[in-house]
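Here the structure is laid out as C-alpha cells; the discussion comes afterwards.
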Amino acid sequence: MARMKFLCDDERCIECNACVTACKNEHEVPWGINRRRVVTLDDGVPGEKSISVACMHCTDAPCQAVCPVDCFYTTDDGVVLHDKDICIGCGYCFYACPFGAPQYPQEGAFGARGKMDKCTFCAGGPEEDHSHEELDKYGRNRLAEGKLPLCAEMCSTKSLLAGDGDVVADLFRNRVVRREGRGEAWGWNTAYQDK
Amino acid sequence: MKFSTILIAMLFLTACYEDTDVTLHEAGVYKGSVDQHALTAHERETVLKKRFKQVQMDR
Amino acid sequence: MSSFGNWIGVCKTRFLRVLLVQANRREGQFFAVCVEQHRVSGAKEADVLKAAQMMAEHRPGTFIWCMGGTQHTIGNNNTRAYCIFQLALGNMGVSGGGTNIFRGHDNVQGATDLGVLSHTLPGYYGLSEGAWKHWSKVWDLDYDWIKNRFDQNSYEKVGDKNVGPMHTKGIPVSRWIDGVLEDKDDIDQNDTIKAMVLWGHAPNSQTRGPEMKAAMEKLELMVVVDPYPSVSAVMNDRQDGLYLLPASTQFETYGSLSSSNRSMQWRHKIIDPLFESKPDHVIMHKFATKLGFADQLFKHIKVDGEEPLIEDITREFNSGMWTIGYTGQTPERMKLQSENLHTFNKTTLKAEGGPCDGEFYGLPWPCWGTPEMKHPGTPLLYDTSKSVAEGGLTFRARFGVEHDGENLLAEGSFSADSDIEDGYPEFTGEMLKKLGWWNELTAAEKTAAEGKNWKTDLSGGIQRVAIKHGCAPFGNAKARAVVWQFPDPVPIHREALYTNRRDLVEKYPTYEDRKSFYRLPTRYGSIQKQDFSQEFPLIMTSGRLVEYEGGGEETRSNPWLAELQQDMFIEINPGDANDAGVKHEEQVWVDGPEGGSIKVMAFVTPRVERGVVFMPFHFGGHYQGKDLLENYPEGTAPYVRGESCNTVFTYGYDSVTAMQETKVSLCRIRAV
C-alpha cells in the first residue's frame, strides 16, 4: 500500500513561497495560521539554505500518541488527520511535534486556543468527501479528486515533492546520482570562495 | 397557589436538563467521525502514481 | 578564432565593465581584458574571471538581465555590452544561447510592440511622415485629418528643418513630472502637461516622490484607471479633479498578449467584470465617444454596445505591423494553439502533428507575411541554420548598406536555403524587379507593392516572395558592436549621478547636461559634479521581492502575500547599522539627497555589504512617516502599507531611453 510522504530538496528550494501561497489559497487558511512555511537558515550568508516544512505525516505520529482525547487517525495511505469536533485545543500535539505543524487560531476573549489546524496532505478530513463541511473545516480534498498536494504541484523548482514515498524516493535518488551528490548551484562554492 | 408554585419550580428545573450526547474518551480509541472515501486506498494509489508522473517528474 | 581577432579590431575595445575571455585552445592562452572592473564595481577579480571562463568553456550559454542592467544613466551601454559579449562568444542565434531579458509583466513586450511609448507608432515604425502615412492607410483614415489633430507649430529642428510635435519624440513616463513642473518655455511643446491619465500605472515605481506629489497637485485633471485605487489616489492632497475609474482585471476580460520571448497567447475571460469595473477596451471606447473620435478609432472594429471586438482590433494590427512580423498571429491561429496546447513538444516548443503541426508555440514574432502563409513563428533570433520559412532568420539590414566605407551587409553568411548566398539589403518592390522575382507576385500584390517596401506593402507580397526564395524581408547584414548614432558608440562606463566614488567621477564622468531630450531639459554633469557623499555616505539600491509585484497595491491587497511581507524595510549591513545606532527591526529614517525622507524598518543583515543598502520598491500608502490609510476609499486600502522607496530615489535618466536610474543613488540612515 502506498504511504504518502513529502520531500523538500533543499538544493533546489529558492524560498519563493509558492508552496505557502498555494496552500493558503487552496484551503483559505486564515491570517496567522501557517500550515506550510519555508524556513531559511543562514539568511544572506554563504551557505544559505531554504526548506519548505509542513506536517510530515509521520508513520508513528507523536501528535497522535500524546493527544489526550485521541482525535487523530491515520488513513490507509498514511496521511495523519484529526477530527476538529473532538479536538479540545489543549496544544499538547504542538509540544510533541518536532516540526511545529499544529497551528491554533487566536480566538475568544481570553486568547482561548481554538481547534488545532494543520496540513492535511490535501486529504480533507473526517467529513464526507467534497462536502461543504469538509471544505469549511479542513480545506480542499485533492486526494479524493485524484490529485496530489497543491504545494508540491505548484513548486517552481520541483524541490518540494509529495506522493507515494517509494516514488518520491526513486525520483530523488535519480536526481542525486545525476548531480553527483553536490549542490546544483554551480558557483556557490566559488562565488563565496569556499573552495 | 400551590399549583403555580409547582409550575414555577418545574420551569426552573428545566435548567437542569443535561445532554447525554457526550463522547466518553477511552484511552487509545479514536471516537471521531469516520472518514468516508469514494475510492479504495488501492485505487487511490494507482491514480496518484499516475498524477505524480504527470506533474512532478523532472522533465 | 581569427574572426574574433578581426572583430576586436573593429570594436576598438575600450570597455571596462565586462570581462572578455577568449579561450584559445590551440595556443593555450587566455586573454583577460579588464582588471579595472574590480576597482569600479567591487566584484572580485577571481569571480569575474571564473564567470567569463565558464561562459567561454561551456557554450552555448545564455545571458539574462532585467532592470539591474537597464536602470542606470548608462543602461544602454550595459545592454549593448551584454550583447557584444554573446556575439564574441558565438552564442547568438543558437539554441541555448542568446540574450534573454525578463520583462516585468506578462504583456510589457506586447505594450512596447504596440507602441505604448512616446517615440513611435505601433511596430516601431517611428514617427516620420512615412510612418504616419502607413498607419493612416492601415486605419483607413485621412492622413490630413490625423495631421490636423496635432499642434502645427514647431519647437524642434532636425538638421535645419523645423519639425512639429507629430514627428518628435514625446515626454516618456519616467519624465512626466518634469513635463508638469518645468517652465513652459523650456519644453519642446506648446505648454506644460495639464492632465494625466494614469492607466494601470504605479506612481510609486517612479523616482522623485516629493516632486511627483507636487506635479500631481499642479495638474488640472488627474484620472486613474486601475482595478485598485493605486498610490496615485492617496499620495497627493488634491481636493478636486481626481477621478478613479475602476478597471477590470485580466480574469474579467480577454485578448492576446506578448511575453518576454516574443510569443503570443490568447487569454480567455473567466468571470464577468465585478461590481462596476469595466475592461480597458470598453473604457477606451467610452473615452473616444465622449471626446468625439470613436468613429475614427473604431472605423473597422465591430462594437457590441460599448464593447469593441478584440478580434477585430487584433486583425487590424495584423494588417499593419509588418516590421516585426505581427501579421501572422490572427485570433484564429492563437486560439487554435490555445486549444491544442498538448500537441506542442515541451522542449522544442514545436507542435508535433495535430492542427498546429509545425508551428512554434506562441507564433513568436516575426511571424512573417499574411496569415494564409502560415509562417510558424521565429523562436530564436537570429538562427541561420534554419530557413526563414521554418523560423530561421538573418540579422536585419537596418543601419544602411555601408558606413565610413565599410560594407555593413553580411559577407559569406546567410540562412539555410537562401537563394542569395550573401548579404542583401531590405526588400523593396524595386529590388524584386531587379532580382527578376517581380512577376511571382499576384496582380493584386503587384498593385499594393508598387513603389513600396517590405514594411509598407499591405498585401504582404514582397515578404511572401522574399521568403519563398529563402530570404529575410528585412535584409541580411552584420550585427554591429559600434553604434555610431548613440552618445557612446562603444559601450563605456560612466559613474552614476549620485556616487560616493569621487575618484571614479574624475576618470569616468557622466554626460553633459542636455537642453532638449524627449522634449525636456535633462541634467547629468551638473548633478554629478556636486559631492553629496559626505552627508549621504551610503550607496542605495532598489529592487524586487518575490511576494509583491510592481507598485504593490494589488499584491499587498492579497491576504496570502501580504502576510508574508508585512513591513517595508531597508537591508543594512551590521557594520553600518551599528555605526548609525540602529538595531534589527527598529524603525529608521532614510534621507535622500534631493530632500525626501522615509520611515522604514531596519533589516540588519550581512546580505548587503558594508556601505550598501537595499530597499524593495513595492510598498506604498505611507508618506514621509504618515500612514495614508484615511485617504483610501472605504474598503480599498491594502492589508499592508508602507513607505515607497522612490520617495527618496533621485534624478537620473539613461542617455538613450530615459529609463530612470533606480539601481544606484546615495542616502543616509538615522535612528528614530
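Our summary gives the stretch C:108-325 a relative contact order of 16 percent, counting only alpha carbon pairs under 8 angstrom and 6 or more residues apart. Taking all Cα-Cα distances within the stretch A:4-192, those exceeding 20 Å account for 57%. Average projection, convex hull of the Cα set of the stretch C:328-438: 8.4 square nanometres. Entry note, the stretch C:502-671: relative contact order of 28 percent, from Cα contacts under 8 Å with a spacing of 6+ residues.
With all pairs of separate Cα atoms included, the stretch C:411-488 yields a Kirkwood hydrodynamic radius of 13.3 Å. Extension gain for the segment C:Y639 to C:A580, taken as residue separation times 0.36 nm less the Cα-Cα distance, is 18.2 nm to one decimal. Per-residue extension of 0.36 nm, minus the Cα-Cα distance of C:N162 and C:D419, leaves a gain of 88.1 nm for this segment.
Note that the stretch C:108-325 presents 48 Å² accessible area per residue, ligands and nucleic acids not counted, probe 1.4 Å.
The distance from the alpha carbon centre of the stretch C:355-418 to that of the stretch C:493-546 is 40 Å, rounded to a whole number.
Under conditions of 4 °C and 1.567 mPa s, the stretch A:1-91 yields 85 µm² s⁻¹ as its translational diffusion coefficient, taking Rh as the Kirkwood radius over Cα pairs in the Stokes-Einstein equation. Taking the three principal axes of the alpha carbon atoms in the stretch C:256-322, the coordinate ranges are 37, 32, 18 Å, sorted in descending order.
Stokes-Einstein, applied to the Kirkwood radius of the stretch C:391-448 over Cα pairs at a viscosity of 1.002 mPa s and 20 °C, places its translational diffusion at 163 µm² s⁻¹. For the residues A:R37, A:R142, A:R113, a GNM of chain A with alpha-carbon springs under 10 Å puts the largest fluctuation on A:R113.
Taken over the C-alpha atoms, the stretch C:502-671 has Rg and Dmax values of 17.3, 55 angstrom. Computed over protein heavy atoms with a 1.4 angstrom probe, the accessible surface ordering of C:Y82, C:Y639, largest first, is C:Y639, C:Y82.
The listed residues A:R12, C:R315 rank as C:R315, A:R12 when sorted by accessible area, largest first, using a 1.4 Å probe. Interface residues of the stretch A:136-150, defined as those losing at least 30 Å² of solvent-accessible heavy-atom surface relative to the isolated chain (probe radius 1.4 Å), are listed as A:L143, A:G146, A:L148. Cα centroids of the stretch A:16-67 and the stretch C:640-672: 35 Å apart. Spin-label model, C:A111 to C:M373: label points 7 Å out along the Cα-to-beta-carbon direction sit 3.0 nm apart. Under the criterion of Cα pairs below 8 Å and six or more residues apart, the relative contact order for chain C equals 14 percent. Cross-link partners of C:K50 among lysines, defined as those whose alpha carbon lies under 20 angstrom from its own and excluding same-chain residues fewer than eight positions apart: A:K195. Applying 1/(1 + (r/R0)^6) with R0 = 56 Å to the Cβ-Cβ distance of C:N345 and B:D21 gives a FRET efficiency near 0.35. Spatially close Lys pairs in the stretch C:383-468, defined by Cα atoms under 23 Å apart and a spacing of eight or more places or different chains, total 14.
For chain C, the carbon plus sulfur part of the accessible surface works out to 53%, probe radius 1.4 Å. When DSSP beta bridges are restricted to pairs lying wholly in chain C, around 60% turn out antiparallel. For the protein assembly as shown, place one equal point scatterer on every Cα, skip the solvent, and apply the Debye formula. What is log10 of I(q)/I(0) at q = 0.06, 0.09, 0.10 Å⁻¹? Results for the protein assembly as shown at q = 0.06, 0.09, 0.10 Å⁻¹ read -0.53, -1.18, -1.44.
Binning the C-alpha pair distances of the stretch C:472-594 at 5 Å intervals from 0 yields a P(r) profile of 2, 7, 11, 11, 13, 13, 13, 12, 9, 5, 2, 1, 0 %, listed from the shortest bin outward.
Taken residue by residue and averaged, Cβ atoms of other chains lying within 10 Å of the Cβ of B:38-46 number 5.
Past the 14 angstrom mark, what percentage of all C-alpha to C-alpha distances in chain B do you count? That tail contains 78 percent of the Cα-Cα pairs. For the stretch C:108-325, the Kirkwood hydrodynamic radius comes to 19.3 Å, computed from all pairs of different C-alpha atoms. Scaled against the 2.2 N^0.38 Å expected of a compact globular protein of N residues, the Cα radius of gyration of the stretch C:629-672 reads 1.70.
Evaluated at q = 0.05, 0.07, 0.09 Å⁻¹, a Debye calculation over the C-alpha positions of chain C (equal weights, vacuum) places log10 I(q)/I(0) at -0.26, -0.52, -0.89. Dipole orientation for the stretch C:537-672: of the candidates C:H618, C:P574, C:V640, C:P574 has the Cα lying most toward the positive pole (charges on Cβ; Lys, Arg +1; Asp, Glu -1). Surface listing: C:R464, C:R519, C:R39 arranged by accessible area from highest to lowest gives C:R39, C:R464, C:R519, probe 1.4 Å. Rounded to the nearest Å, what's the spacing between the alpha carbon centres of the stretch C:37-72 and the stretch C:568-620? Just the number, please. Cα centroid to Cα centroid, the span is 27 Å.
In chain A, the longest principal axis of the Cα atoms and the axis of helix A:165-178 are about 10 degrees apart. All Cα-Cα distances of the stretch A:72-145, cut into 10 Å bins from zero to the largest, leave 19, 50, 27, 4 percent in each bin in turn.
The values are calculated or read from the model by the stated rules, or taken from the named source; none is laboratory data. In this text, all values refer to a predicted model and were calculated from it rather than measured experimentally. A quick note on method: Cβ atoms are made from the backbone with ideal geometry, for glycine too, and the neighbour counts reach across all protein chains shown. Note: accessible area is taken over every heavy atom of the protein model, side chains too, but ligands, DNA and RNA are not part of it. Shrake-Rupley method; radii C 1.70, N 1.55, O 1.52, S 1.80 Å.
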